[in-house]
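Note sheet for the following structure.
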Amino acid sequence: MISITINRNISPSIKFKDNSNLRKLKNRIFKIIIIILSIITISPIVLILSKLVIKGFRQINIDFFTQVAPDTFEAMMAIASGDVIPGGIANGITGTLLIVIIASVIAIPIGVITGVYLYENQGKKYANLIRNLSDILQGVPSIVLGIIGYLWVVLRVTNGFSAFAGSVALSIMMLPLIVRSTEETMKMVPENIKEAAAALGVPYHKIILRVMIPSSFSGLLTGILLAISRVLGETAPLLLTTLGSSFINLNISKPTSAVPLLIWNFYNDPNMINLIWSSSLFLIGLVLALNLIAKRIIARREK
Amino acid sequence: MNSEKITKHVLFTVSLIILIISTGILASLIKGAMPAFKEFGLKFIIAPDWNPTEGRESYGALVFIFGTITSSLLALILCIPLAFSTSLFIAEYFKKTRIASILKTLVDLLAGVPSIVYGLWGFYVLRPAIISLGINDQGFGIFTSSLILAIMIIPYATSLSNEVIAMVPDELKEAAYSLGATRLEVIFRVIIPNARSGIVASYILALGRALGETMAVTMLIGNANVIPKSIFSTGNSMASIIANQFGEADGLKLSSLIAIGLLLFAITAIVNAFGKFVINKLS
Amino acid sequence: MKENNLDIQNPILSIKDLSIAYVQDKYAVKNVNAEIERNAITAIMGPSGCGKSTLLRAINRMHELYPNINTKGEILLHQENIYKMDTIKLRRKIGMVFQRPNPFPTMSIYDNVIAGYKLNGVKLKKQQRDEIVEKSLQDVTLWSEVKDSLFKKGTFLSGGQQQRLCIARALAYNPEVILLDEPTSALDPIATARVEELLVELKKKYTIVLVTHNMSQAARISDNSLFMYLGELVEYGKTNVMFTNPIDSRTEAYLTGQFG
């Protein structure tokens, strides 16, 4: 046994000033500040949503979904005679659907396959490079992707502003989100499922298509929905690529409108200013609904 | 060739697309920006004039770089106290309670609001408030856009910091409590030192977001192509000048706008890479 | 509760009718009465989930960190009810050491030892700090091992060294009672032996209350033992008497390894 000698009570000479009341007061004040600042943090979202609902709700009717946006003269006449501004945002809704569907068609297969590749090649140098590039792409400002859509598609492919150019810009935004979420969900598939399939002699591509993708399907779907909701409200890249149109257009090589572009037009036209709130309410409703569905899927999976 | 090899080749080939897109973006931006850099040289970056008058055309990026960086930094400064408090609310004070999950959901909703809707709200709600407070007559300016940017980046500034704050081991907090520390002291002496790099990283990534924001800033910054005299003056940002003038631009002006796009790409990439570096140091 | 010939004169702590519930009416500690002997090692034993950790934490009110806790009864420290005391002052008098070594990873060894003063905003002169660090580390027999690396992070030490550093951190703040919650459960046998020797030595100056799931540890170093089962204090007495001659059949079953 080692011998231990305890010296003494340590430094009994040290006098403690009783600061406990002050410290407890500071502690309480800090907590109050945290609560107040947290309330301030969430107040904008509450204010924004209520503003949109209050100002926009009245404008939403059947016409809103079936009619194209009015021209400024029609709107002016309606305002002069005290009527509700006629028309709706049908050209925006169809345009948004067209642009986002094409963007998804481009981004989903590339994103999922790249995600699978990254999952299958963990730790390899080239895979790390791709992962880092994907992270860099995720940080590229959307307006810069608008320039890219213009340079790559508007100037060279469609020889003019087009839905397709917008889809290309948005697909580059979606791509890194899908890559990342695919890789992450693949990691959660139990290794033994894969091994069991391999032991049965199932070919590699069938393991991916029949085992890996189905067993991580809800995760993939969540990632895709979040990626779509992320680009639905994008305005800046579309300004540089799809330009806008007053008609319903389903030709991907022609200029096309989109809901956020219509909001931008309404905002810039004093006669149509009343339409901004209903269009914004619709847009935000769409984005939040997709978000909500994605969150539901996550919650169900976690159970 | 057997099917396994073919599949591996397909996976590899598709993954090349990311590489092609990334290098392609950089190459296209550089190529598009070349005429401007040939005409003005690297002085383009520090030249403060933006004069599209034919015959006397002269373009420089300084006004916009200045506007983007000041509005984003100011946004970050305004955002930090809010994001920091919210993280402590969610991940410490009310950890795992219903009220914390409601707050978290609301903060997440902030990320779902499109930029243009923030712009509208800023224009119709924030701007009149700023006018009535007498901050400036028009309500436009660096400060107004920073305010809206600060709200927009809160979800990015909180998400990672929530995680790292919640991850500080209970044993460390208990050790401090057992020595008589108050919660405030535990937060500043134990939680923050242990979660520091994650918190810093999330603020850097939020800054990266603010730098690239376009629509809300365009609607509020005032679009004046001058160096702002104070944070309450009007100015312009890199993303805004592109959004506003790209449509009718050609020739040298178009090239100058693409050059600004290239610079914006570079600045955000550097900021984001720095954020990632801090995160990697963490793990 | 059954008691063997335990006669504690002038106890430092008296636990009176203590009941603690985490959930409404579900008691983790039920109606416990016990007096803790000064300058002795008191071991709290029992199968997992018996409430021994909760009882220990109730002594410096660490159990209150969990929300919705309901505490009835009282604990007297020098005849003063700790539930009426300020926790800051209470925890100065009653220090704690935890199951897993938990030195602050962002602080050096030196700063870890004086963490109690730093956290409580006590300003010390450099000379006082040096003295406290040196003496506290000597008391836990760590001084010779770390005196050349005082300004390195505490986390590079071995598990046993880290745990002794944590004991030094508690001692440095000069408490009267030290609570230890299974302090050797994460340590190897050699490190465990050193901590046990240390505790036996420390009781000359301090009162030690120790939760342990290791019966032989209780037998080796404790003076008095409490045996808890399902939140109740089943038996309390001199350790040597309880181990050779348990009164309650549940104590006997536990000590002979029939559950645990």
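The values are calculated or read from the model by the stated rules, or taken from the named source; none is laboratory data. If you're wondering where the values come from, they're calculated on a predicted model, not measured in any experiment. Cβ placement follows ideal geometry from the backbone for every residue including glycine, while neighbour counts extend to all protein chains displayed.
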Residue ranges of helices (runs of 4 or more DSSP H) in the stretch A:37-146 with at least 1 members within 23 Å of A:Leu286 (Cβ to Cβ) and more than 14 Å from every other protein chain (Cβ to nearest Cβ): A:62-66, A:90-120
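Looking at A:Leu118, is it under 23 Å from A:Ile172 (Cα atoms), in contact (Cβ under 8 Å) with a residue 24 or more places away in the chain and in contact with a Lys or Arg (Cβ under 8 Å, 6 or more places away or on another chain)?
So A:Leu118 fits the description; yes.
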In the stretch B:31-86, residue farthest from the chain's Cα centre (by Cα) [restricted to those that are farther than 30 Å from A:Pro44 by Cα and hydroxyl-bearing (Ser, Thr, Tyr)]: B:Thr53
Unique match (being under 30 Å from A:Lys31 (Cβ atoms) and of a type in the set (Phe, Trp, Tyr)) among B:Tyr59, B:Tyr93: B:Tyr93
Quick check on B:Tyr118: is it within 14 Å of chain A (Cβ to nearest Cβ), under 19 Å from the mean Cα position of the chain (by Cα) and at negative phi? yes
Which of the residues that make up the stretch C:151-160 are over 21 Å from the mean Cα position of the chain (by Cα) and not in a loop (DSSP other than H, G, I, E, B)? C:Lys153, C:Gly154, C:Thr155, C:Phe156
Counting only residues that are surrounded by 16 or more Cβ atoms within 10 Å (Cβ to Cβ) and more than 11 Å from every other protein chain (Cβ to nearest Cβ), which one in the stretch B:6-38 is farthest from B:Asp250 (Cα to Cα)? B:Phe37
State yes or no: is B:Ser197 more than 13 Å from chain A (Cβ to nearest Cβ), more than 19 Å from B:Phe89 (Cβ to Cβ) and polar (S, T, N, Q)? yes
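For every residue, the table says whether it meets (1) in a loop (DSSP other than H, G, I, E, B); (2) crowded, with 16+ Cβ neighbours inside 10 Å.
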residue: C:Ser48; (1), (2): yes, no
residue: C:Ser53; (1), (2): no, yes
residue: C:Ala58; (1), (2): no, yes
residue: C:Pro67; (1), (2): yes, no
residue: C:Gly73; (1), (2): no, yes
residue: C:Gly95; (1), (2): no, yes
residue: C:Pro103; (1), (2): yes, yes
residue: C:Asn112; (1), (2): no, yes
residue: C:Leu124; (1), (2): yes, no
What residue, among those in the stretch B:50-68 that are free of Cβ contacts under 8 Å to residues at least 60 places away in the same chain and out of contact with any Asp or Glu (no Cβ under 6 Å at 6 or more places or on another chain), is surrounded by the most Cβ atoms within 10 Å (Cβ to Cβ)? B:Asn51
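Yes or no, residue by residue, for (1) in contact (Cβ under 8 Å) with a residue 40 or more places away in the chain; (2) in contact with a Pro (Cβ under 9 Å, 6 or more places away or on another chain); (3) hydroxyl-bearing (Ser, Thr, Tyr):
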residue: C:Val23; (1), (2), (3): yes, no, no
residue: C:Lys26; (1), (2), (3): no, no, no
residue: C:Ser48; (1), (2), (3): yes, no, yes
residue: C:Arg61; (1), (2), (3): no, no, no
Hey, B:Leu205 in a helix (DSSP H, G or I), touching a Lys or Arg at 6+ places or on another chain (Cβ under 9 Å), closer than 30 Å to A:Pro141 by Cα and facing another protein chain (nearest Cβ under 10 Å) or not: yes
Result of the Cβ filter at 8 Å on the stretch B:151-177, keeping first residues that are facing chain C (nearest Cβ under 8 Å) and part of a helix (DSSP H, G or I) and partners that are of a type in the set (S, T, N, Q) and surrounded by 19 or more Cβ atoms within 10 Å (Cβ to Cβ), at least 6 apart or interchain, is B:Glu171/C:Asn102; B:Leu172/B:Asn194; B:Leu172/C:Asn102; B:Glu174/C:Asn102; B:Ala175/C:Asn102
Considering every residue within the stretch C:139-150, establish whether at least one is assigned to a helix (DSSP H, G or I) and within 14 Å of chain B (Cβ to nearest Cβ). no
Name the single residue that is farthest from the other protein chains (Cβ to nearest Cβ) among those in the stretch B:121-145 being surrounded by 23 or more Cβ atoms within 10 Å (Cβ to Cβ) and of a type outside the set (A, V, I, L, M, F, W, C). B:Gly141
Would you be able to say whether some residue in the stretch B:69-81 is closer than 28 Å to B:Phe140 by Cα, within 13 Å of chain A (Cβ to nearest Cβ) and without any contact (Cβ under 8 Å) to a residue 12 or more places away in the chain? yes
Can you tell which of B:Gly222, B:Gly275 is part of a helix (DSSP H, G or I), among the small types (Gly, Ala, Ser) and either in contact (Cβ under 8 Å) with a residue 60 or more places away in the chain or at positive phi (or both)? B:Gly275
Regarding C:Gly116, is this residue closer than 29 Å to C:Leu55 by Cβ, at pLDDT 90 or above and more than 10 Å from every other protein chain (Cβ to nearest Cβ)? no
